[in-house]
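Visitor: Quick one: structure below, then a few questions.
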Amino acid sequence: MNASLQPKPDAKRLPSGAEMIAANAYPAVMPKSEASRFIANLKSEETGKRAEETIAASRNVMRDAVEAYVRALDEASRKHDVSAMFAQAHEIRGLAETAGLGVAGRMANGLCLYFDALDGKPADKDTVRLHVEAIQRVVSGEDEGAIANVVAEELTSLVIRKRGETRALGLPG
């Protein structure tokens, strides 16, 4: 076996084949004195301000990216391609908050949790469609504020209920 493929000492192998490595098993990236300065710099008000300015300057680009992911999510949902839908929803949930679309990110997170709970079982097309359309409405600006938050909460309740139905049938999830 190749040395790079051998399990690390404190590693745990998951059923998927991925390795979970304990934080203390990673080698130090820099000396402690340099790490202290680095962390202090990261926590500084100036660094925070520069990060906020950079994010604000890129917000339109990030929003465009979220819109592209939403279009791809819609296309994948029309084909009922769960793998592609999960991939797009995953991207949306990761970028939406930074793009100023936090509610869409919460909705996409709910959709990801729903797909996770399916464990290979077929997805309910109506549940998927409700999520996709709600995300589209938030990203397009049709729904915002309190209405969007209520829809996000209702979708979360739907996912919880669907996960409960899966368990009641004795299915994983």
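Visitor: Work through the residues other than Gly105 whose Cβ is under 9 Å from its Cβ and net out their charges, Lys, Arg +1 and Asp, Glu -1.
Guide: Value of the local net charge: +1.
Visitor: Also, I was wondering about something else. If the cut-off is a Cα-Cα distance under 30 Å, which lysines reach Lys12, setting aside same-chain residues fewer than 8 apart in sequence?
Guide: Correct list for Lys12: Lys32, Lys121.
Visitor: Rounded to the nearest 10 Å², what accessible area does Tyr114 show when all protein chains are kept and the probe is 1.4 Å?
Guide: About 10 Å², rounded to the nearest 10.
Visitor: Going from most exposed to least, what order do Met30, Met62, Met20, Met85 have by accessible area with a 1.4 Å probe?
Guide: Result, largest first: Met20, Met30, Met62, Met85.
Visitor: Turning to a different aspect of this structure: Within region 117-161, list the GluC sites (Glu not before Pro) lying in a DSSP loop whose Cβ has at most 16 other Cβ atoms in a 10 Å radius. Walk me through the numbers on the way to the answer.
Guide: On the way: sites: Glu133, Glu142, Glu144, Glu153, Glu154; in loops: Glu142, Glu144.
Those satisfying the criteria are Glu142, Glu144.
Visitor: For the chain, what is the mean residue ellipticity at 222 nm derived from helices alone (per DSSP H run of n ≥ 4: -39500 (n - 2.57); sum divided by total residues; nearest 500 deg cm²/dmol)?
Guide: Computed mean residue ellipticity for the chain: -23500 deg cm²/dmol.
Visitor: Just the number please: accessible area per residue for region 54-97, 1.4 Å probe, all protein chains included, in Å².
Guide: Computed with neighbouring chains in place, this is 59 Å² per residue.
Visitor: Now for a separate question. Taking 22 Å as R0, compute the FRET efficiency from the Cβ-Cβ separation of Glu97 and Ser157 and round it to 0.05.
Guide: Details: r = 21 Å, r/R0 = 0.96.
Result of the calculation: an efficiency of 0.55.
Visitor: If you don't mind, there's one more thing I want to ask. Keeping all protein chains in place and using 1.4 angstrom, which order do Leu158, Leu113 fall into by accessible surface area, from largest down?
Guide: The ordering from most to least exposed comes out as Leu113, Leu158.
Visitor: Just read off the accessible area of Val70 with the full protein assembly in place, 1.4 Å probe, to the nearest 10 Å².
Guide: 10
Visitor: Ordering His90, His80, His131 from largest to smallest accessible area (1.4 angstrom probe), what's the sequence?
Guide: My answer, sorted largest first, is His90, His80, His131.
Visitor: Before anything else, pin down the relative contact order of region 47-165: Cα pairs under 8 Å, at least 6 apart, normalised by residue count, whole percent.
Guide: 25
Visitor: What label, among (1) 1.14; (2) 1.25; (3) 1.31, belongs to Cα Rg over 2.2 N^0.38 Å computed from the structure on display?
Guide: From the options (1) 1.14; (2) 1.25; (3) 1.31, the structure gives (3).
The values are calculated or read from the model by the stated rules, or taken from the named source; none is laboratory data. For clarity, every value in this text was computed on a predicted model and none was experimentally measured. A quick note on method: Cβ atoms are made from the backbone with ideal geometry, for glycine too, and the neighbour counts reach across all protein chains shown. Only protein heavy atoms, including side chains, enter the accessible area calculation; ligands, DNA and RNA are left aside. Shrake-Rupley method; radii C 1.70, N 1.55, O 1.52, S 1.80 Å.
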